[in-house]
1. Just going by the charge dipole of the chain, with Lys and Arg at +1 and Asp and Glu at -1 on Cβ, which of PHE329, GLY547, THR165 is farthest out on the positive end?
2. Only Cα pairs under 8 Å and at least 6 apart count here; give the relative contact order of the range 540-606 as a rounded whole percent.
3. Let me see the pair-distance distribution of the range 198-328: every alpha carbon pair, 10 Å bin width, integer percents in order.
4. Placing unit charges on C-beta atoms (Lys and Arg positive, Asp and Glu negative, everything else neutral), compute the dipole magnitude of the chain about its Cα centre in debye, rounded to 20.
5. Could you compute the FRET efficiency for THR124 and MET162, with r as their C-beta to C-beta distance and R0 at 56 Å, rounded to 0.05?
6. Out of every Cα-Cα pair in the range 266-305, what percent are more than 11 Å apart?
7. I'd like the projected area of the range 269-413, averaged over all directions, using the convex hull of its alpha carbons. Report it in nm² with one decimal.
8. Per-residue ellipticity at 222 nm for the chain, helices alone: DSSP H runs ≥ 4 residues times -39500 (n - 2.57), over residue total, nearest 500 deg cm²/dmol?
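The values are calculated or read from the model by the stated rules, or taken from the named source; none is laboratory data. The shown structure was predicted, so the numbers you read here are calculated from the model rather than taken from an experiment. In this analysis, Cβ positions are derived from the backbone assuming ideal geometry, glycine residues included, and neighbour counts consider all displayed protein chains. Heavy atoms of the whole protein, side chains included, go into the accessibility calculation; ligands, DNA and RNA do not. Shrake-Rupley method; radii C 1.70, N 1.55, O 1.52, S 1.80 Å.
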Amino acid sequence: MKRFLAGGLIALFLLLLLFGGVTIHTIVSSQTNGRLINYVGIVRGASQRLVKLELAGQESDEMIAYLDGILDELSAGNGSYGLPCPEDPAYQRNLRELDQMWEEVKANIADYRTGGNNAQVLLTLSEDYFTQANNTVFAAEDYSYRQSGILLSASAAMLVIMLLTWIFILVACSKNLLSLEKSNERLSDLAQRDALTGVYLLEAFKEKAQKLLEAEPDEKFAVLYTDFADFKYINDVFGYAYGDSILTRYGEILNGGLRENELSGRVSADNFVLLYRYEEKEELAARQREADRSITDFMHNSHDGQTISTYCGICCVEDVIENLKIDGFLDRANFARKTVKNGTNLNYVYYDESIRNRLREEKSVENRMAEALKRREFTVYYQPKVELSTNRVACAEALVRWRSQDGTVIPPDRFIPVFERKYMINRLDQYVFEEVCRWLRHMLDEGKPALPVSVNVSRLQFYDLNFVNRYVEIRDKYQIPPSLLEIEFTESIAIDNANLLVRIVDKLKRAGFVCAIDDFGKGYSSLSLLKDLSIDILKIDGFFFTGGPDSARDMALVQGIVDLVKKFRLKTVAEGVEHPEQVEYLRRIGCDYVQGYVFYRPMPQQDYEELLVREEEKSRR
Ligand code: C2E
Ligand code: CA
Ligand code: CA
């Protein structure tokens, strides 16, 4: 292509030179031809004047010499007038005849002067001479006309060739530019894509999606947010290379399913986002289900028949009443996705009215929480734990409640996740801890029974290096014996950072706190962790007791956990127990404590205090 272009340019340059030459030649020759016509005309006119003067008795040898000179130059083609002598046969013939006649005219003039002939003869000859001169002028004119015709056609032809060459160069250049632009586009598109999966990186996805949404505001668009369930498990069990191969394949599947003006992107690890178009909303879940089926088929065929679940939140732009940008739609799709994890079995959830209400509620929680902390709207409820060997209340768990200004009590699952997301959970946890210390101090000061209390700390606290020191400070401020305070945390932090969990637990232990693993058995529990963690108590999640007293499988699992945990010399607490039969079973298998509605629900501080006093009186009796 480049060679073609260079050739075209050289040709154009040569043509330009040629065209310039021809043009100059045309101008010069039209000038000399003009002069030729002019001088033949002068011969015609001057000869008439000469004869007129002769007849009037005014002889003019000068004029004869003048005409001689011109005619000589016309015949020879060079001289002082710069006249040409074209090789044109018609012109040459006329010129020769004119020249001969001129000789006759001159002889006649000489005769006339000597009286050899009369005026009439001279006049007739001069008339003939005029006609011949006229013919010569026309012949010269004709020649000049033909000449400039040839030159003009040559120029026109050259112009056309130049124009074509120019168009060729232009087309070649623009083709070149176009292909350059295309490869540029391809490169920049590649740079915006995730190397592993081939889908767009989040920022590029957002930018492109926003443009598409703005370009066609009336089009039916939907944003989808997908997630694999327990992808970490796949990585842990089968290795990162296999995990990566699944993500790569999933990216291919998603990209392969895209239609015109649709997009795919990756948020992080195993979270993907999509921008789809649709006619009917049901199509969206159907398409995604198809993509998810392809990836599970892939896994099924590639690794020991393994499969994985996928979750997807779908937000149709038309279902959002607010005027949002792409971030807002992504948030909503993600929110819908999270509701899958929160319970229902449907893996594809559309953002709708109920989700919108929850979102609004979360927003209101978010707006009010800082103020509520300042106004001390949070109170602590206590749920007693009963020791199975004695059937007596042995300790309690502190559970936070939000009593908002209008008197409604908001349960923790409605606001704890928001506090966590906004990184305010530390403040809330410390607030609860201090409230517990304050109350224990009050019990001790009043001489009332003070039993150990456990508080919950969010996993986020573990990332705060000062967390243990701050708790020690608060405990010291109220001078609470360390044995009265237990810290409950879930082992979920170990998923990200097992070392950190081990370090913090050691620090808590060294500071004298009793440590408990909460919600054991829920989600991704790891028994192997128990050998590294210096904890004192393991709380078996209420999930095992939801199947009722007859769930043999659950009870077998609980027995397995209790048996194993005993070997580590840990105490066990069964949570969420609602049936007396379960209590009996737990007692039989050697579980230490039960915390559940079967004995007590969480109660306000005052009620718990009264319960403790009553219990103490009972024991004295
Ligand atoms: P959790 O730590 O697992 O607390 C036990 C939850 O189980 C409590 O819910 C309690 O009311 C409930 N429960 C106890 N016995 C039964 C039963 O027999 N049946 C049923 N269905 N439920 C029972 P609650 O008070 O709504 O707290 C929910 C979660 O909120 C807690 O789960 C804990 O993770 C979190 N939470 C509560 N207070 C705090 C706090 O001060 N800080 C932090 N970070 N989290 C807290
Ligand atoms: Ca707890
Ligand atoms: Ca729990």
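1. Result: GLY547, furthest along the dipole toward the positive end.
2. Working: 72 pairs, mean separation 22.9, N = 67.
Normalised by residue count, the contact order of the range 540-606 is 34 percent.
3. Result returned by the calculation: 12, 44, 30, 12, 2.
4. 3120
5. The calculated FRET efficiency here is 0.50.
6. Summing the P(r) of the range 266-305 above 11 Å gives 71 percent of all pairs.
7. 14.8
8. After summing the helix terms and dividing by residue count, I get -21000 deg cm²/dmol.
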